[in-house]
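Working notes for the structure below.
All of the numbers you see were taken from the coordinates with simple rules; none came from a lab. Bear in mind the structure is a predicted one, so any value in this text is a computation, not a measurement. Here the Cβ positions follow ideal geometry from the backbone for every residue, glycine too, while neighbour counts run over all protein chains shown.
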Amino acid sequence: MDAAGKFKIKREDEDCHTAIENWLTAKYGEAGKKVHTGRSRNDQVLTALRLYERETLGELKARLAAFAGACKKAAAKQGRIPMPGYTHTRRAMPTTAGTWIGCFAAAAADDARHAEFLLKLIDQSPLGSAAGFGVPVLNIDKGYSARLMGFSKAIENPIYAQFTRSKFEPAVMHLCSQVMLTLNKLATDLVLFSMPEFGFVTLPEKFCTGSSIMPQKKNPDVLELVRGKYHAVIGEELKALSLAGNLPSGYNRDAQLGKGPLFAALDAALASLGIMAKVTEGLKFNKEKCALAPELFATEEAYKLVKAGLPFRDAYRQLAEKFR
């Protein structure tokens, strides 16, 4: 620990675990030499990952709630504005701004439920599995350690404890992919709907950039980056999934390479949620641009004929002919 209160790892320490043990030994003497009793770097790293995942998934849930709240706020403020709904990138049926933006609040709610499931899944402590085969001679109370750290239980099978690195980390990254898919869809819609050719929404100025040569430009750079981050996070998930295969039971050093993708995926999801909540809060819908065209009511008109007694297929053909 230096004068600024920062913990420094010396080259001869090899890693943080040895550095912490050496620091405790220097400060507390013989007691510090006992800190590694019943432990291995393998279960220490795994436990640290679980604690990190638990904390970060909690933060992810909070940001999902904030994003969903921003969507609901936008829907409450401007949600009654009618706008076209699309299928196959063609005008299809009438919808409202509230229904459209509300879809992302619903998606975020499901993503939050996904996060809650993962929090329950990882709520088991690997500490005490040591190198992957338990601790000999000593009667280690893994359950007690688990409770001290806030886990509901300890993983009983020590070999499975190491196997969870191949299962839990990719599962967390898959949640990140799903969160980014929600944001990718919103970003894609906003890039399209904010084009002058559409003009359904006006983006907040602070999330757009200009051009170094074209003075009229208002580019949706932030949305484009969020949209692209979805593909980057999928790449991180695939790295972890690929890394997990063809490894024999027990600890393998290959697992170390999975930490970078995990951190990158979670960082991207957290940052993107924060950004998109702010973007959504600043959206302005343009009522005139969202105005509905007659063909959007074709399905409604067909069902009015059905209600009057005409078979649906005849009503369908009649309206199809009208709009050809």
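For a modelled paramagnetic label at Asn252, 7 Å from Cα along Cα-to-Cβ, the residues of region 161-181 in reach, with backbone nitrogen under 20 Å, are 161-173.
Residues Arg80, Arg54, Arg63, arranged from fewest to most other Cβ atoms within 10 angstrom of their Cβ, appear as Arg80, Arg54, Arg63. Pairs from the list Lys72/Lys120; Lys6/Lys142; Lys185/Lys278 with a Cα-Cα gap above 25 Å: Lys72/Lys120; Lys6/Lys142. Here the ratio of the Cα radius of gyration of the chain to 2.2 N^0.38 Å is 1.37. Taking 0.36 nm per residue of sequence separation and removing the Cα-Cα distance, the Asp123/Phe198 pair yields an extension gain of 22.2 nm.
The alpha carbon radius of gyration of region 79-183, expressed as a multiple of 2.2 N^0.38 Å, is 1.73.
Residue exposure proxy: Phe312, Phe133, ordered by other Cβ atoms within 10 angstrom of their Cβ from fewest to most, comes out as Phe312, Phe133.
Sorting Cys290, Cys176 from the fewest to the most surrounding beta carbons within 10 angstrom yields Cys290, Cys176. Projecting the Cα atoms of Ile101, Thr202, Asn139 onto the charge dipole of region 100-209, computed from C-beta unit charges around the Cα centre, puts Asn139 farthest toward the positive end. Only alpha carbons enter this Debye calculation for region 173-324, each as an equal point scatterer, and the log10 of I(q)/I(0) it gives at q = 0.15 Å⁻¹ is -0.86. With a cut-off of 13 Å between beta carbons, the residues surrounding Ile101 carry a summed charge of +4, where Lys and Arg count +1 and Asp and Glu -1. Equivalent ellipsoid of region 70-129: semi-axes from √(5λ) of the C-alpha gyration tensor, largest first, are 39, 14, 6 Å.
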